[in-house]
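The values are calculated or read from the model by the stated rules, or taken from the named source; none is laboratory data. This is a predicted model, so every value here is computed, not measured. Every residue, glycine as well, gets a Cβ built from its backbone with ideal geometry; the counts of neighbours run over all protein chains shown. Ligands, DNA and RNA are stripped out before the accessible areas are found, and what is left, the full protein with its side chains, is counted by its heavy atoms. Shrake-Rupley method; radii C 1.70, N 1.55, O 1.52, S 1.80 Å.
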Amino acid sequence: MSFEQENGIREETAALEAASAQEMPKKIKLSHEPLWHEGDTAVLEAQDLVKDYGGGVGLLGVDIKLPAGKIIGLLGTNGSGKTTLLKLIAGILTPTGGELTVCGSKVGVETKALVAYLPERTYLNDWMRVEEIIEFFADFYEDFSTEKAYAMLKSLEVDPKRKLKTLSKGTKEKVQLVLVMARNAKLYLLDEPIAGVDPVAREFILDTIVANYNREATVLVSTHLISDVEKVLDSFLFVRNGKIIMQGDVAPVREACDGKTLDEIFREVYKQCSQNA
């Protein structure tokens, strides 16, 4: 083989390698941009938060600081630690280690009055009528607005005179959402609020959340249905195996990722983490 042929092959190989490198997708930087900025009011703060279940995935040193007035997505697959974090914030679980505060107070009896929690599973008595549940919550929570609750029931087309046991799973979830969003809380914790309902109902539920939360409060929405919720999110936390692997404000992160949707970014980030594991 002549020198000219060898040189030509080298140049062709180099060109192919360069073209291949250009075709390979650019890795997404796992940024941890602060969601809280100087001058913001901190509603929730966790420092090195740990929950050890003795073998199962809990939380492994979570550090977050969430500002007021934002809707924030807690996004991850099932079993990633989302529900554990929400239950710790709500005071249902006790952390193994670390610090956790709501509005500057350590999570406990005092903070329960500041937090409105929507669990993933129903907790209401089936024999009660919706209007009876509304009355019960009005008696129990000082910040509960009966007027607001009935307005939401009307917009979601829920009959307050129906017994809970006669309602579909999706309608029961609507009732639970109304009970949470009718409170004037500082922090709303919503665990998979759209998981059990059809796409049309999801729109109604998301609209209800946006229209009814206290604008000086924070809404933390846990879900794996990212494509459905991302349009209402200001910021996000990606959770994987009990750790926050990425966080940031939605708009600048999407811009940095060439306009990809948050769902697309999430999928790529998870794939990167799986390949690096």
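Worth pointing out:
- Among residues that are open to solvent by less than 40 Å² (accessible area, probe 1.4 Å), within 30 Å of residue 267 (Cβ to Cβ) and at pLDDT 70 or above, residue 49 is included.
- Here residue 72 clears all of (1) assigned to a strand (DSSP E or B); (2) in contact with a helix residue (DSSP H, G or I) (Cβ under 9 Å, 6 or more places away or on another chain) except the condition numbered (2).
- Checklist (1) more than 14 Å from the chain's Cα centre (by Cα); (2) closer than 27 Å to residue 52 by Cβ applied to residue 222, failing item: (1)
- Where residue 65 falls short, out of the listed (1) in contact with a strand residue (DSSP E or B) (Cβ under 6 Å, 6 or more places away or on another chain); (2) part of a loop (DSSP other than H, G, I, E, B); (3) open to solvent by 30 Å² or more (accessible area, probe 1.4 Å): (2)
- Matching residues in the stretch 243-277 - criterion: being out of contact with any strand residue (DSSP E or B) (no Cβ under 9 Å at 6 or more places or on another chain) and β-branched (Val, Ile, Thr): 261
- Residue 33 meets the stated requirement of being at pLDDT below 85, touching a strand residue (DSSP E or B) at 6+ places or on another chain (Cβ under 8 Å) and open to solvent by 70 Å² or more (accessible area, probe 1.4 Å).
- Within the stretch 81-98, the set of residues being of a type outside the set (Val, Ile, Thr), under 14 Å from the mean Cα position of the chain (by Cα) and farther than 18 Å from residue 262 by Cα comprises 81, 85, 86, 87.
- Per this entry, residue 253 is not counted among residues that are open to solvent by 30 Å² or more (accessible area, probe 1.4 Å), assigned to a helix (DSSP H, G or I) and at pLDDT below 95.
- Within the stretch 256-268, tally of residues that are surrounded by fewer than 20 Cβ atoms within 10 Å (Cβ to Cβ), among the hydrophobic types (A, V, I, L, M, F, W, C) and assigned to a helix (DSSP H, G or I): 1
- Annotation note: Cβ proximity below 9 Å between a residue of the stretch 62-84 that is free of Cβ contacts under 8 Å to residues at least 60 places away in the same chain and closer than 23 Å to residue 184 by Cα and a residue that is open to solvent by less than 30 Å² (accessible area, probe 1.4 Å) and part of a loop (DSSP other than H, G, I, E, B) (sequence gap 6+ or interchain) occurs for 65/35.
- Among the residues of the stretch 222-277, those identified as farther than 23 Å from residue 37 by Cβ, out of contact with any Asp or Glu (no Cβ under 8 Å at 6 or more places or on another chain) and of a type in the set (Asp, Glu) are 228, 258, 264, 268.
- Out of 187, 164, 153, sole residue that is in contact with a strand residue (DSSP E or B) (Cβ under 8 Å, 6 or more places away or on another chain), under 26 Å from residue 233 (Cβ atoms) and among the hydrophobic types (A, V, I, L, M, F, W, C): 187
- Each residue in the stretch 194-208 was checked for being of a type outside the set (Gly, Ala, Ser), open to solvent by 10 Å² or more (accessible area, probe 1.4 Å), closer than 27 Å to residue 88 by Cβ and outside any helix (DSSP H, G or I), and 1 pass.
- The set of residues in the stretch 99-151 being acidic (Asp, Glu), open to solvent by 60 Å² or more (accessible area, probe 1.4 Å) and farther than 22 Å from residue 194 by Cα consists of 99, 110, 132, 135, 139, 142, 147.
- Test for residue 80: is it touching a Lys or Arg at 6+ places or on another chain (Cβ under 9 Å), at pLDDT 55 or above, of a type in the set (S, T, N, Q) and under 23 Å from residue 231 (Cβ atoms): yes
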